[in-house]
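Trainee: One structure, pasted below without further comment.
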Amino acid sequence: MSNIEYVTLEVADPAAAEEFYAAAFGADERVRTRASQAPATGFRGFTMSLVVSQPATVDSFIDSAVDAGAKPAQPAKKSLWGYGGAVQAPDGTIWTVASSSKKNTGPASRHIDELVLQLGVADVAASKQFYVDHGFSVAKSYGRRYAEFDSGPVKLTLNKRAALAKVAGIPADGTGPHGLAIGTDAEPATDPDGFVLEQITS
């Protein structure tokens, strides 16, 4: 089955972006950057998400991201599903940090349980079929609202674009390229919403 080994964020200043991510979340080979001057405005149609064990760890990552230069997008708070919040990195990428737990069981750690790429799409069913056709295995699916894949080091989810933007705390409008390439062992392709699959490199 197909896996996602890393994501590449296309940013104006890769060196500055890498410095930010190291300070905010810790260096992670699953998140790469490369230069792009392509103009884009508003929501790029995706978010990156860190899934962690408890609220204190959520707060730790959000605080370090803001200290490193991120803008708060959604204040961390409890919800029906757990606890989480969102920030916008200086390069424009929206990052959510979340835990399914609403209570702390110990001091905050810097451990990330899962890295998730959340795509906001026009038609979840059509996009799900695209990824199935390209070798991805569905883990969960809720009709035309949500799909989740067993995709290896980087988990992939499909969400309605407006719903994903709402969770991130920003308007759903946006223009220009996504500024994202998905590093995978699947064949190179472009999905129905313009997200690009690139074959992995060393």
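Trainee: Out of V7, Y21, G84, whose Cα points farthest toward the positive end of the dipole of the chain (charges: +1 Lys, Arg; -1 Asp, Glu; placed on Cβ)?
Mentor: Positive-end residue among those listed: G84.
Trainee: Kindly provide log₁₀ I(q)/I(0) values, in the same order as q = 0.12, 0.17, 0.18 Å⁻¹, from the Debye equation applied to equal alpha-carbon scatterers of region 1-116.
Mentor: Per q value, in the given order, log10 I(q)/I(0) is -0.42, -0.82, -0.92.
Trainee: List the residues, sorted by chain then number, that are 5 or more residues from G174 or on another chain and whose placed amide H is less than 5 Å from its amide H.
Mentor: Answer set, sorted by chain and number: F43.
Trainee: How large is the charge dipole for region 36-127, taken about the Cα centre, if only the Cβ atoms of Lys, Arg (+1) and Asp, Glu (-1) carry charge, to the nearest 20 debye?
Mentor: Details: 7 positive and 7 negative charges, 56 e Å.
Dipole magnitude for region 36-127 comes out near 260 debye.
Trainee: Output the pairs from K103/K160; K140/K160; K71/K166; K71/K140 with a Cα-Cα distance over 26 Å in this structure; if there are none, say none. Write down the numbers at each step before the final one.
Mentor: On the way: K103/K160 29 Å; K140/K160 15 Å; K71/K166 16 Å; K71/K140 32 Å.
Going by Cα-Cα distance, K103/K160; K71/K140 fall outside the 26 Å limit.
Trainee: Here is a follow-up. Quick one: Cα centre-to-centre distance for region 16-51 and region 91-169, in angstrom?
Mentor: Cα centroid to Cα centroid, the span is 16 Å.
Trainee: Going by amide H atoms built from the backbone, whose H comes under 5 Å of the H on S137, apart from near neighbours?
Mentor: It is S2, D150, by chain and number.
Trainee: Looking at region 45-202, what % of its DSSP beta bridges pair antiparallel, to the nearest 5?
Mentor: Details: 28 of 44 bridges.
So the antiparallel bridges in region 45-202 amount to around 65 percent.
Trainee: What are the ³J(HN,Hα) couplings of region 174-185, residue after residue, when phi is run through the Karplus curve with 6.51, -1.76, 1.60 and θ = phi - 60°? Round to Hz, x for glycine and proline.
Mentor: Listing the rounded values in order: x, 9, x, x, 5, x, 8, 10, 9, x, 9, 8 Hz.
Trainee: Show me, for region 74-84, the HN-Hα J-couplings you get by feeding each phi into the Karplus relation (A = 6.51, B = -1.76, C = 1.60, θ = phi - 60°), rounded to Hz, glycine and proline as x.
Mentor: So the Karplus estimates, Gly and Pro as x, are 9, x, 5, 7, 6, 9, 4, 9, x, 8, x Hz.
Trainee: Extension gain D63-A27, at 0.36 nm per residue separation less the Cα-Cα distance, in nm? Walk me through the intermediate numbers first.
Mentor: Values: separation 36, 0.36 × 36 = 12.96 nm, distance 1.65 nm.
This chain segment gains 11.3 nm when fully extended.
Trainee: Could you put V66, V87 in order of accessible surface area, largest first, with the 1.4 Å probe and the full protein assembly present? Intermediate values should be presented prior to the final figure.
Mentor: Numbers: V66 55, V87 0 Å².
These residues rank, largest area first, as V66, V87.
Trainee: Can you work out the Karplus-derived ³J(HN,Hα) for every residue in region 2-8? Use 6.51 cos²θ - 1.76 cosθ + 1.60 with θ = phi - 60°, whole Hz, and x for glycine or proline.
Mentor: Rounded to whole hertz, the list is 6, 10, 10, 8, 6, 10, 10.
Trainee: Please get the size of the charge dipole for the chain, origin at its Cα centre, with Cβ charges of +1 on Lys and Arg and -1 on Asp and Glu, quoted in debye to the nearest 20. Walk me through the intermediate numbers first.
Mentor: Working: 18 positive and 23 negative charges, 204 e Å.
Dipole size: approximately 980 debye.
Trainee: Please compute the contact order of the chain in relative form: average sequence separation of alpha-carbon pairs under 8 Å and at least six residues apart, divided by the residue count, as a percent. Provide the component values of the computation, followed by the final result.
Mentor: Details: 494 pairs, mean separation 56.3, N = 202.
Computed over the chain, the figure is 28 percent.
Trainee: Enter the per residue convex hull volume of the chain, computed from alpha-carbon coordinates, in Å³ rounded to the nearest integer.
Mentor: On the way: hull volume 22.6 nm³, N = 202.
Roughly 112 Å³ of hull volume per residue.
The values are calculated or read from the model by the stated rules, or taken from the named source; none is laboratory data. These figures come from a predicted structure and were not determined experimentally. With ideal geometry, Cβ positions are generated from the backbone for all residues, glycine too; neighbour counts draw on all protein chains shown. Side chains included, ligands, DNA and RNA excluded: accessible areas come from the protein's heavy atoms. Shrake-Rupley method; radii C 1.70, N 1.55, O 1.52, S 1.80 Å.
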